[in-house]
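Beneath this line is the structure, given in structure tokens, with notes to follow.
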Amino acid sequence: MVASCSALPSRRRRTPSRRADSMLPGRTPGSWSFALSQERMIMNDHRRLGRELGIFDTDPLIGAGLPYWLPAGAAVRKAVEDYVHELERRNGYQHVNSPVLGKRELYERSGHWDHYADDMFPPMEVGGEEFVLRPSLCPHHALIYRARQRSHRDLPLRVAELGGMYRSELSGVLGGLTRVRGIQLNDGHVFCAPDQAAAEVSAALDLIEAAHAQLGIRTARYRLSLRGEGAKFVDDPAMWARSEAILREVLKERGRDHDEEPGEGAFYGPKIDIQIADPAGRESTLSTVQVDYFQPERFDLGYAGGGRPVMVHRSVVGGIERLVAHLIEVHGGAFPAWLAPVQAVVLPLSDSERPAAEDLLRRCLAAGLRAELAPADRGSLGARIRAHRLVPYQLVVGPREVASGLASVRLRDGGQAGEVPVEQLAARSRPFV
Ligand SMILES: [Zn+2]
């Protein structure tokens, strides 16, 4: 199968790759480290932790592969979405929103119908017209580009959207947040002149590397995904050669070692895939950058002066579902403060400090923190701290804090941060400072 713009793995079951496995030395069955990694895999399985932490759940009445987000998950997701939106805004992207459906003719035009139909939901007929749940956002963005007269001065035009897309996965392979039928994709398309494409690919890799560092994600490897055999790939060798040359040039300039994998490209062009590995060493694609000459031609995109733009497709963090699954496993539920579902818990020593604790909670909320109160009737201070052991900041309110009006901050690793003003705590809990 051929991946589209989205950073999704192929449908066939992957065996752990040699490269991903080699990240985890000593993992032979029976060895001590193998037992540890197996234990870590079970402990950090995102499906188990996701339910325990109130991140997501599923219901057979909604359907397999269609998880819903619980409050803690919705909070993590919002934090990620806000971060990526801001990162893109600071780097010259304009955000748009487009519908999750399109007419069948749209996907015939884009090439999805010929090359990608196996992964699409069947059309729905309404009023004599056929509509399709979109398999990618690219065609909508191509139409957004085409909707206005463009000139060379408008380029590069960077368009981004966090939007829904759908994939007709078979029931047997669905599970958790990693194999889903509905995906919220962090997507973006840069429409640029041909001589700008290499710089835009490199700039997209800058964003991806910055985001991974911020999120605490380690790259397993860079993969150059190329055309394979068969009718699923657009048959235009010269076009493939041009786009591959750009990706190779950028990887070389950046000094990024990479593997090449024929057959893993998008149907319209090659991709740089940034691979991640789960605690068990299973590899998947999170982020991607692609060069596409095909869809600009199919949609007859142009700009004044007679040029045809190149489309650089890129996803900084991929699908939000897969990203959050990976973050749960990487952090074992102990998210960095800026991502934590609850960033601060207010713990009055006794009932007499409750009014001051409620006031502190209000100030935390007003300062932008995700905070909650754990009053004394929920158990001893020790028991309440244990119940909130994943919360980055634990604010104990005793008689001294009542008098000072400051929060005495205990960190989740047991360390003490002293008395910190709420605004300072809120500033520490933002991804951008
Ligand atoms: Zn795309």
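Taken together, the values in this text are just the output of simple stated rules run on the coordinates, not laboratory data. What you see is a predicted model, and the numbers here were worked out from it, not measured in a lab. Heads up, the Cβs are rebuilt from the backbone with ideal geometry, glycines too, and the neighbour counts pull from every protein chain shown.
Relative contact order for the stretch 115-241 using alpha-carbon pairs under 8 Å, separation at least 6, rounded to a whole percent?
Answer for the stretch 115-241 is 23 percent.
Given the convex hull of the Cα atoms of the stretch 298-373, what is a quarter of its surface area in nm²?
9.6 nm²
Which one, Leu369, Gln149, Ser284, projects farthest toward the positive side of the charge dipole computed for the chain from Cβ point charges (K/R +1, D/E -1)?
The residue sitting farthest along the positive end of the dipole is Leu369.
Working from Cα positions, state the angle (0 to 90°, nearest 10) between the long axis of helix 237-253 and the longest principal axis of the chain.
Computed tilt is about 40 degrees.
Once you charge only the Cβ atoms, +1 for Lys and Arg and -1 for Asp and Glu, what is the size of the charge dipole of the chain about its Cα centre, to the nearest 20 debye?
680 debye
Through the Karplus equation 6.51 cos²θ - 1.76 cosθ + 1.60, θ set to phi - 60°, convert the phi angles of the stretch 162-170 into ³J(HN,Hα) values in whole Hz; use x for Gly and Pro.
9, x, x, 9, 9, 9, 7, 5, 6
How long, wide and thick is the chain, going by the Cα atoms along their three principal axes, in whole angstroms, largest first?
74, 57, 51
Go ahead and set up a Gaussian network model of the chain, Cα springs under 10 Å, then flag whichever of Ala383, Ala407, Ala325 fluctuates most.
Checking each option, the largest mean-square fluctuation is seen for Ala383.
In deg cm²/dmol and to the nearest 500, what is the mean residue ellipticity at 222 nm of the chain if only DSSP H runs of at least 4 residues count, each as -39500 (n - 2.57), divided by the residue total?
So the helix-based figure for the chain works out to -10000 deg cm²/dmol.
With only alpha-carbon pairs counted, each pair once and no self-pairs, how large is the Kirkwood hydrodynamic radius of the stretch 317-425 in angstroms?
On the way: mean 1/r = 0.0695 Å⁻¹.
Evaluated on the stretch 317-425, it is 14.4 Å.
Which of these, Val126, Val409, Val201, has the largest mean-square fluctuation under a Gaussian network model of the chain (Cα springs below 10 Å)?
Val126
Measure nothing but the geometry: give the 0 to 90° angle between the long axis through the Cα atoms of 354-366 and the longest principal axis through the Cα atoms of the chain, rounded to 10°.
Computed tilt is about 20 degrees.
Over the chain, calculate the relative contact order: mean separation of alpha carbon pairs under 8 Å at least 6 apart, over the residue count, as a percent.
Once divided by the residue count of the chain, the mean separation gives 18 percent.
Could you work out how far the C-alpha centroid of the stretch 202-248 sits from that of the stretch 95-158, in angstrom?
Result: 22 Å between the Cα centres.
In degrees from 0 to 90, rounded to the nearest 10, what is the angle of the helix 320-331 Cα long axis to the longest principal axis of the chain?
That works out to roughly 50 degrees.
Decide, for the stretch 75-124, between rounded, prolate and oblate: order the square roots of the alpha carbon gyration tensor eigenvalues as a ≥ b ≥ c, take rounded if a/c falls under 1.5, and otherwise choose prolate if a/b is larger than b/c, else oblate.
Prolate, because a/c is 1.5 or more and a/b exceeds b/c.
Give the dimensionless ratio obtained when the Cα radius of gyration of the stretch 57-158 is divided by 2.2 N^0.38 Å.
Cα Rg divided by the expected 2.2 N^0.38 Å: 1.37.
Which of the aspartates and glutamates could be linked to Lys252 by a straight reach, that is with a Cα gap under 19 Å, when you skip same-chain ones fewer than 8 residues away?
The reachable aspartates and glutamates, counting only those whose Cα sits under 19 Å from Lys252, are Asp195, Glu200, Asp206, Glu209, Glu244, Glu260, Glu261, Asp273.
For the stretch 375-412 and the stretch 258-276, what is the centre-to-centre distance using only Cα atoms, to the nearest Å?
Going from one Cα centre to the other spans 49 Å.
List the aspartates and glutamates whose alpha-carbon lies under 18 Å from that of Lys78, not counting same-chain residues fewer than 8 positions away?
Asp57, Glu86, Glu88, Glu161, Asp187, Glu321, Glu372
Let me have the relative contact order for the stretch 170-265, percent, based on Cα pairs under 8 Å that are six or more residues apart.
Dividing the mean separation by the residue count of the stretch 170-265 yields 35 percent.
Using a Cα-Cα cut-off of under 28 Å, which lysines could be cross-linked to Lys103, ignoring same-chain neighbours fewer than 8 residues away?
Straight-distance partners of Lys103: Lys232, Lys271.
In a Gaussian network model over the chain where Cα atoms closer than 10 Å are linked, find which of Pro71, Pro341, Pro296 has the largest mean-square fluctuation.
Top of the fluctuation ranking is Pro71.
With the crude spin-label approximation of a point 7 Å out along Cα→Cβ, what separation in nm comes out for Ala117 versus Leu170?
Going from the Ala117 label point to the Leu170 one covers 1.9 nm.
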